[in-house]
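Inspection log for the structure reproduced underneath, given as structure tokens.
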Amino acid sequence: MELKLKIYDENNEVKREVKAEFVDIKTGTIRRMMRLLKIDDVDNTAELFKLVSQVWDELVKVLDQIFPGVTEEEWDYVSLSDLMPIVINVLKASFTQMAKIPNNSKN
């Protein structure tokens, strides 16, 4: 899955778009994102939006691992409405990948 992050300028025009592949996201990154967002307690997108706002600084550190080319200043120009689908898709894809892991107690 390809992830696309739009970075805007002061005039709300897309300055650049950064891409990342989901396969490059490490398990530690996913674990930190889930811990930050307390995903077990979230029932809807509005709650997730509120959580993202509350943990923004910590979340940016995690997102830096997914989108390493984004500067600290550029994170100020990322729209949360663009970011929410990325966060949701990363978490959904993570759960899908985890479900595919064989559960064979003999190994």
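Okay, here's what the table says:
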quantity: Ascending count of other beta-carbon atoms within 10 Å, so fewest first, for Ser94, Ser79, Ser53; calculated: Ser53, Ser79, Ser94
quantity: Distance (nanometres) between label positions extended 7 Å along Cα→Cβ at Lys19 and Ser81; calculated: 2.5 nm
quantity: Whichever aspartates and glutamates have a C-alpha closer than 13 Å to that of Lys50, once near sequence neighbours (fewer than 8 apart) are set aside; calculated: Asp41
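All of the numbers you see were taken from the coordinates with simple rules; none came from a lab. Everything quoted here is computed from the prediction, not taken from an experiment. Cβ: placed from backbone, ideal geometry, glycine included. Neighbour counts: every protein chain shown.
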